[in-house]
There are 2 protein chains.
Amino acid sequence: MKYVFFALAATVVIGSSAFAKEGMWTPDQLPEIADDLRATGLALDPESLTDLTGFPMGAVISLGGCTASFVSPQGLVITNHHCLRGSIQFNSTADNNYLVEGFLAESSDAELPAAPGTRVYVTVAVEDVTDRVRADIGADMDGVTINETIEARRKDIIAECEQQPGHRCQVSSFYGGLQYKLIDRLEIQDVRLVYAPGDNVGKYGGDIDNWMWPRHTGDYGFYRAWVGPDGLPAEYSEDNVPFEPEHYLKVSAAGLEDGDFVMAAGYPGSTQRYARMAEVVNTFEWRYPRTIDMLEGWIATVEEAAPEGTDARIKYEGLLAGLNNFHKNLGGQIEGARRVGLVDRRQQREQALNAWIEAEAPDRGFTETLAQLDALSEEITQAARDNWYYTNATRASLLSTAQRLYRLAHERQKPDAERESGFQQRDMTFFRQGMQALDRRYDPAVDRAVWLHFLQQYMNAPATARVAALDEALGLPDGWNEEIVGRILDRHYAETGLGEVDRRLALMDAELEEFESSDDPFIQLAVALFEHDMALERQSKDRTGRMSILRPDYMEAIINWQRSEGYAAYPDANSTLRITYGTVMGGSPRDGLMYAPFTTLEGILEKDTGESPFDAPEAQLERIRAGDYGPYKLESLGSVPVNFLSDLDVTGGNSGSATLNADGELVGLLFDGTIESVNSDWDFDPRTTRSIHVDTRFMLWQMDKVDGAHALIEEMEIVR
Amino acid sequence: MKYVFFALAATVVIGSSAFAKEGMWTPDQLPEIADDLRATGLALDPESLTDLTGFPMGAVISLGGCTASFVSPQGLVITNHHCLRGSIQFNSTADNNYLVEGFLAESSDAELPAAPGTRVYVTVAVEDVTDRVRADIGADMDGVTINETIEARRKDIIAECEQQPGHRCQVSSFYGGLQYKLIDRLEIQDVRLVYAPGDNVGKYGGDIDNWMWPRHTGDYGFYRAWVGPDGLPAEYSEDNVPFEPEHYLKVSAAGLEDGDFVMAAGYPGSTQRYARMAEVVNTFEWRYPRTIDMLEGWIATVEEAAPEGTDARIKYEGLLAGLNNFHKNLGGQIEGARRVGLVDRRQQREQALNAWIEAEAPDRGFTETLAQLDALSEEITQAARDNWYYTNATRASLLSTAQRLYRLAHERQKPDAERESGFQQRDMTFFRQGMQALDRRYDPAVDRAVWLHFLQQYMNAPATARVAALDEALGLPDGWNEEIVGRILDRHYAETGLGEVDRRLALMDAELEEFESSDDPFIQLAVALFEHDMALERQSKDRTGRMSILRPDYMEAIINWQRSEGYAAYPDANSTLRITYGTVMGGSPRDGLMYAPFTTLEGILEKDTGESPFDAPEAQLERIRAGDYGPYKLESLGSVPVNFLSDLDVTGGNSGSATLNADGELVGLLFDGTIESVNSDWDFDPRTTRSIHVDTRFMLWQMDKVDGAHALIEEMEIVR
């Protein structure tokens, strides 16, 4: 059984004889590909990787959005700097700016509480619940019923699972709903910041180097997981004790070399490897270009309304970074799609699938499924296009705040089990934190400018884009008139109470009547839009429900077709634990250009300008100039490796993933992919897909030679 | 005798075991480095390269600003596309746009005249005239006298040399005036365009790829040199016949590989390898940053005054390309200086030189020379700073036109031999062509905008920047006032006759009185500024004269010091024929990144977007897709090489240089350096200095498979 799903007919093979390995495998698939795992270099028994509570998988944890690992018997957790940066920021003040200086707890007493909402999730069990979720679901039902039935069953299963104290569970869909699994996770709530270098190490290169190689980012830091004296998850308390995980990773300071086996276990968020061509075309020809335009207008508006150096800019830096990151990603995806000829390749794939169906499975209804699937995709596309301007025109933060609060009041009318996901009792901690966090991310003048910008686009769009509920509630004129609309918005921000955190929190307990009789203009608007939004949601649920029938059928065709060709099919990423493996490997991103597999300490000197984001700490530069490599030097490189490349198949959510060697020892942390890789969410190109890791030898060198984090090195088990 | 002048103590040696070879050698130096030439791979006798009229040097010619080579017994000349692009443009019309379509003469009758002023210069002899130029020149003379004596002698020698009909001669200074050589060159005036691909091959990648690797530019084209029926240079005539050069290069289609010996003979323009530290500091800390600001203002002003799509923009495209090119170059130089630590390295060098002087030559007055040289450098720096704003404030094209014409009237008062260089009878053809060419590069509104922009900077500068002659002649107010200054400028452009070519040409014969009584405001201004400008020129000549004594002494110290260390010293580039040699070699421009030595046809497919400058002709793309490599494939590469890198030591002026293999056969044309190399004008960094060549196999493939230039292939002698 070969392991590659869609092997690329590479047109250009200059300077690279090896190809990256495609596949984000669920742990239970590993026995199926055990031979290749061994052939690639895994020394551990592949079977051992399927045991989520054994070594090494038991040491791999989720932070929700990032991946992390236990690296000591005392609950020490290693992850990316960018995954714990929010906690550094949360603890920083003008006098003690840990973002600049870095932070190192002198002892475990001195560890700082992580940012509100920080969690460590330890996956303890995975169970197939497909039969229970899908029982009696059929094409004879309407979409809304299908959707509501599935959602009700997922909520039931989760509620049962969460009877266990300290557990947080989820039911995840694989292969577009062909399979459902219950993921049972321990939820550790007391997480503390132990050590992180400053931004001038942990974020070295900043947005300029984001998604770029060569890279010299020390993107690592440490948390510790704490639990109650009884060993169970508990809120922060002085009585808490460090969590003692069943397994933790040893940290290698030994000689990882170009070509060596590596693997990463992590929680990749989302891929679209099985998207139909119609979805691909819509995405790359309409959605992404439109989104790029939208982002550019949004960014320009925020930058103008929140000039550099102002308090407002500080509040919007996170948003701007996110928008710019997304913008760069979409540009890379479009460029990547052009380079690999994504549409042509997808067309060829569909023709091959059709040919297989015709030859091998003419009687299984796949042809009809595909026709229905494509028709439904077209419906989804059309809905997105229809709602484009309206969706943007409601992007004001205070409006969405009002909408969420009013929706909560509606949901609170139902028994908890029937409430919409996100509005159940189990969601209220995060809901409350979101309402509190708004203060740190909101400025009325900027919010107004963004809203005005999008309302202008909405009002200048074709008349079909207009939504009567919005027009009437706001009293919008027929054509765009900045003065009139500006006055309407001014009144909203002048008269609203939603800018106050107490008001927002109070509204979490308010009854429907309070909203409906409110004279807060944002709440009035939320009430006025509710019916329209619910209608849209119902249409969306109908489409989702119908998709829950069609896509599993499509994936079944794919799996059978691929099996007939000798390939195993892995499911698209869905934020569940996956394993990807391959080797340390440079690459050729373009004809005539090559990426070396490692960067070195000297590359930091070379990049350093003394100005952010290339302003390495003087103590670090001094050690580099002195050639003080200690035991962390890679002889074949002549220096300490800083970052390295591999051909692992990853995407967003893998950040912080432990990179393991053949023996399951930690050799690095995955933190990024190259810009040429971002299109791999749609189509894995083995020539250009490369993930970027920070090397453990750099982390240990920095801790040992620069930051004096000797106690932590002592705490970990270092393999030399 | 080793050959490297200043060996770099490389701080970063990742991914590259070989180092580039420094040195732009004069042909007469080659016997001194013959052993290394042979060791590097030269198969020809190094001695043969010293014979400028023998093979292969007799085939290497200058176009004035570019280098070229004879490649057939019928005067066929190969050079870069960008070196003959002016001639393509000159012959293009809206209906026959050869810039877009390319041009191929069906037969020699159909060849097109090159742009006015195009010349082929064949160096026929070089003679040392140092004794004659420097006789009785001494530090006891004042600077102006020294300068005028040297200039008078140079003009004498040139005039004698040009007694030979059809010759154009020059006296060039080497080692800062330690040595003077008479360069005797045949000047062929009838040059015709034979073949050039379109911009979408010859300028593929455009400004985006300028100075960049990976590169895929087919930067080549062909002229033919024609002479009178008597074989002597003659103006264009139907009776002319192709020039029959004594030597021409064979063209290799054989297997040039990574690591193979290559050399280039060409006319590099200018380097500053021996500049003193004070000059380096002034350049990188004051002059370059100032110039970058100045260029940005200039570019923005032109772009605003000549919007895209206007006729005015077409006229200024050449200027904008030049300014942008310069801007990118300066940015690269500043970055390069930072990367190699230029100032520190120069300081170390000066300390080493001082130590040698103290130890080995304490009695030769070098220490005093260096002190005087540095003091004089400081004077030169100060003058440049003093005149910065005034110099820019007189950048209006019509003003410099008036100044040149008025100066000519002054010079015409003197016997021809005594006139300033550039204003002698021998210069009048180019002078007249310059006056004619203004029409193609001038638009009054743009010229006015540029002048206004620089006048604003001048008037907002510290009061010491103001020049009374300019202020009074223009009637400038004390402080900047756009309305008042704008009106002054409006009057200038409304009332001048210099916008008319006939007027400009007529003024070439006008007497001084006609200027002095003119009511043309630009001529009045030129007359008013004359005395001030002459005073500046006299001060400049005084400094130049004194420098003519000091710098040779400094260079003598350098040469002796270097000889004592076992190195040969080559003179800075000065637009005379030089030879540089090395190997085909990729490189590591930055830690973690590597340049492959070759690019391939497939890289064109990869880059191609269908939009300029990545809009390769469909016929070419089609041949690439078909894998139709013909006999031009490099097996080890699996494709036809398009461009390649080498470690040759080159600079501007080398463009078009024949790249020769060990047997002196043409394997490519040098056309650019990487952006990491531009700082090598100041300090040769063997790790990053790489020159970019278009491979003859690509040229032949394009001619054979795409453009159907079979007759030309037939005409050349191809080595397979």
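The values are calculated or read from the model by the stated rules, or taken from the named source; none is laboratory data. From a predicted model like this one, the values you see are computed outputs, not experimental measurements. Here Cβ is always computed from backbone atoms with ideal geometry, including for glycine, and neighbour counts include all displayed protein chains. Note: areas computed on protein heavy atoms with side chains; ligands, DNA, RNA excluded. Shrake-Rupley method; radii C 1.70, N 1.55, O 1.52, S 1.80 Å.
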Please report, as a whole percent, how much of the solvent-accessible surface of segment B:414-496 comes from carbon and sulfur atoms (probe radius 1.4 Å).
48 percent
Share of pairwise Cα separations in segment B:52-250, more than 25 Å, in percent:
47 percent
Distance between modelled label sites at residue A:258 and residue A:537, nm, 7 Å Cα→Cβ extension
5.6 nm
Sequence order, segment B:575-584: Karplus ³J(HN,Hα) from phi using 6.51 cos²θ - 1.76 cosθ + 1.60, θ = phi - 60°, Hz rounded, Gly and Pro as x, gives 6, 9, 5, 9, 10, 10, 9, x, 9, 5
Under the Karplus relation 6.51 cos²θ - 1.76 cosθ + 1.60, θ = phi - 60°, what is the ordered set of whole-Hz ³J(HN,Hα) values for segment A:552-567, x standing for Gly and Pro?
x, 5, 4, 5, 5, 4, 4, 4, 5, 4, 5, 4, 5, 9, x, 10
Taking the Cα centre of the protein assembly as shown as the origin and placing charges on Cβ (Lys, Arg +1; Asp, Glu -1), which of A:318, A:445, B:139 is farthest toward the positive end of the dipole?
B:139
Short version: what are the Cα gyration tensor semi-axes of the protein assembly as shown, square root of 5 times each eigenvalue, largest first, in whole Å?
65, 37, 34
The pairs in A:203/A:705; A:181/A:250; A:315/A:541; B:328/B:705; A:633/B:21 lying past 25 Å Cα-Cα in this model are A:181/A:250; A:315/A:541; B:328/B:705; A:633/B:21
With only Lys, Arg, Asp and Glu charged, each at its Cβ (+1 for the first two, -1 for the last two), find how big the charge dipole of segment B:52-250 is about the Cα centre; round to the nearest 20 debye.
540 debye
Ratio of alpha-carbon Rg to the 2.2 N^0.38 Å globular estimate for chain A, to two decimals, please.
0.97
Using a 1.4 angstrom probe on heavy atoms only, work out the carbon and sulfur share of the accessible area of segment B:52-250 in %.
46 percent
Per residue of B:93-106, count partner chain C-beta atoms within 10 Å of its C-beta, then hand back the mean as an integer.
0
Averaging over all projection directions, find the projected area of the Cα convex hull of segment A:617-720 and quote it in nm² with one decimal place.
8.0 nm²
Report, by chain and number, residues whose modeled amide H sits under 5 Å from the one on residue B:590, excluding near sequence neighbours (fewer than 5 apart, same chain).
none
Give me the net charge of residue A:228's neighbourhood, meaning all other residues with Cβ under 10 Å from the Cβ of residue A:228; Lys, Arg count +1, Asp, Glu -1.
-4
Segment A:442-486 - convex hull of alpha carbons, volume per residue in Å³
75 Å³
Rounded to the nearest 100 Å², what's the accessible area chains A and B bury against each other, both chains counted, probe 1.4 Å?
2100 Å²
With only helices counted (DSSP H, runs n ≥ 4, each -39500 (n - 2.57)), the per-residue ellipticity at 222 nm for the protein assembly as shown, to the nearest 500, works out to -13500 deg cm²/dmol
Around residue B:271, which amide H atoms from residues at least 5 apart in sequence, or from another chain, sit under 5 Å from its own amide H, with H modelled in the peptide plane?
B:573
5 angstrom amide H check on residue A:180, placed H, neighbours 5+ away:
A:129, A:130, A:174
Residues of chain B: accessible area per residue at 1.4 Å, in Å²?
39 Å²
Counting only other residues whose beta carbon sits under 14 Å from that of residue A:653, what net charge do I get with K and R as +1, D and E as -1?
-3
Label 7 Å along Cα→Cβ of residue A:232; segment A:149-179 residues with amide nitrogen under 12 Å?
A:163-167
Point me to the residue of chain A whose C-beta lies closest to the A-onto-B rotation axis, rounding the distance to whole angstrom.
A:594, 2
√(5λ) per eigenvalue of the Cα gyration tensor, segment B:360-403, largest first, Å:
39, 11, 5
Give the Debye-formula value of log10 I(q)/I(0) at each listed q (0.24 Å⁻¹), with one equal scatterer per alpha carbon of segment B:424-528, two decimals each.
-1.33
Taking θ as phi - 60°, what are the ³J(HN,Hα) couplings along segment A:278-291 by the Karplus curve (6.51, -1.76, 1.60), each to the nearest whole Hz, with x for Gly and Pro?
4, 5, 4, 4, 4, 5, 7, 9, 10, 5, 5, x, 4, 5
Return the loop-located chymotrypsin sites (Phe, Trp or Tyr not before Pro) in segment A:415-512 (DSSP other than H, G, I, E, B) with at most 15 other Cβ atoms within 10 Å of their own Cβ; answer none if there are none.
A:480
Segment B:387-513, dipole about Cα centre (Lys/Arg Cβ +1, Asp/Glu Cβ -1), debye to the nearest 20
380 debye
What figure in square angstrom, to the nearest 10, would you give for the accessible area of residue B:122 with a 1.4 Å probe?
10 Å²
Using only Cα atoms, figure out Rg for segment B:277-548 and give it as a multiple of 2.2 N^0.38 Å.
1.18
Wrap a convex hull around the Cα atoms of segment A:291-421, take a quarter of its surface area, and give that in square nanometres.
13.3 nm²
Could you rank B:649, A:293 by how accessible they are, 1.4 Å probe, largest area first?
A:293, B:649
Stretched out fully, how many nm does the piece from residue B:506 to residue B:272 gain, at 0.36 nm a residue minus the Cα gap?
80.2 nm
Which distance in Å, rounded to a whole number, links the C-alpha centroids of segment B:207-267 and segment A:105-166?
72 Å
Which aspartates and glutamates, if any, have their Cα less than 18 Å from the Cα of residue B:607, not counting same-chain residues under 8 positions apart?
A:335, A:344, A:591, A:676, A:685, B:199, B:207, B:209, B:219, B:615, B:618, B:622
Average partner coverage of B:559-566, which counts Cβ from other chains inside 10 Å
0
Under a plain spin-label model, where a point goes 7 Å from the Cα along Cα-to-Cβ, how far apart in nm are residue B:145 and residue B:348?
4.5 nm
